[in-house]
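So the structure is just underneath, and the comments pick up after that.
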Amino acid sequence: MTFDGFNELDSFIAAAIINRCRRGGLTAYLTTPTPVVTSMNGVEVTGQRPLDFAAQADVVLVGSGVRTRDIVRDESLIASLSLDPGRQLIGSQCSGALVLARLGLLAGAPACTDATSRPFVEACGVRVLDKPFHSVGNLATAGGCLASQYLAAWVIARTLGEPAARAAIDYVAPIGEKRDTVERVIAAISGDNR
């Protein structure tokens, strides 16, 4: 899910990594509430699917942005979001945790978010962890723009298996750091998340 004021890193990194697995059957789409959304830095993007596509998607990742607090106050928008952690993998990036909290999906579960969003997520009654990634069952949260790689790897590992996640992260990891990057990402998504 990508809204006006979105952070390009959050939306584009996860989508690009997941789309490395098209041959395995995964395709990431930017879903938007309007045909065109504008990023926090003025980049205009045409949505690939309308926001209501999220209800039928197997995986939903809620991106971050400078307008997330406005988005969660939009009663009609929030009421239109129909997500089901019983059948969908659902994740959030940074302030996207506010959307999950507003939908009641983080009730009783800790979450990760960015430093700017932390007080707002905590004000929703959610305990924020000092970690880049946390998952419980079909829910995952990530904090920090570059933590989107963890969300993407989590999605790939949960849908196509760890070898596919390793291969996707290896592909995008910096030269000379591939092994360390892959191991760090896999450790984060496989870690003890209690």
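Please determine, by comparing only the residues of segment 109-133 that are within 16 Å of the chain's Cα centre (by Cα) and of a type in the set (S, T, N, Q), which one is farthest from Cys94 (Cα to Cα).
Checking each candidate, the answer is Ser117.
Looking at this structure, is Val121 surrounded by fewer than 24 Cβ atoms within 10 Å (Cβ to Cβ), of a type in the set (A, V, I, L, M, F, W, C) and touching a strand residue (DSSP E or B) at 6+ places or on another chain (Cβ under 9 Å)?
no
Which pairs turn up if I take residues in segment 170-188 that are within 14 Å of Ala157 (Cβ to Cβ) and part of a helix (DSSP H, G or I) and look for partners that are of a type in the set (Asp, Glu) and open to solvent by 30 Å² or more (accessible area, probe 1.4 Å) with beta carbon separation below 9 Å, at least 6 apart in sequence or on another chain?
Listed pairs, sorted by first residue: Val182/Asp170; Ile186/Glu162.
Would segment 99-110 turn up any residue that is open to solvent by less than 10 Å² (accessible area, probe 1.4 Å), of a type in the set (A, V, I, L, M, F, W, C), at pLDDT 95 or above and part of a strand (DSSP E or B)?
no
If I filter segment 146-168 down to residues being within 17 Å of Asp58 (Cα to Cα), in contact (Cβ under 8 Å) with a residue 60 or more places away in the chain and surrounded by fewer than 24 Cβ atoms within 10 Å (Cβ to Cβ), which single residue comes out as farthest from the chain's Cα centre (by Cα)?
Per the criteria, the residue is Leu160.
Please tell me if Thr34 is free of Cβ contacts under 8 Å to residues at least 60 places away in the same chain and either open to solvent by 50 Å² or more (accessible area, probe 1.4 Å) or out of contact with any strand residue (DSSP E or B) (no Cβ under 6 Å at 6 or more places or on another chain) (or both).
Yes: the conditions hold for Thr34.
Of these, Asp114, Asp52, which one is within 24 Å of Thr159 (Cα to Cα) and either free of Cβ contacts under 8 Å to residues at least 40 places away in the same chain or surrounded by 19 or more Cβ atoms within 10 Å (Cβ to Cβ) (or both)?
Answer to the selection: Asp52.
Does any residue in segment 64-76 that is open to solvent by 60 Å² or more (accessible area, probe 1.4 Å) come within less than 7 Å, Cβ to Cβ, of a residue that is in a helix (DSSP H, G or I) six or more places away or on a different chain, and which pairs are these?
Arg69/Leu98; Arg69/Phe120
The values are calculated or read from the model by the stated rules, or taken from the named source; none is laboratory data. What you see is a predicted model; the values in this text were computed from it and never measured. Glycine also receives a Cβ, built like all others from the backbone with ideal geometry; neighbour counts cover every protein chain displayed. Just so you know, the surface numbers come from the protein's heavy atoms only, side chains and all, with ligands and any DNA or RNA stripped out. Shrake-Rupley method; radii C 1.70, N 1.55, O 1.52, S 1.80 Å.
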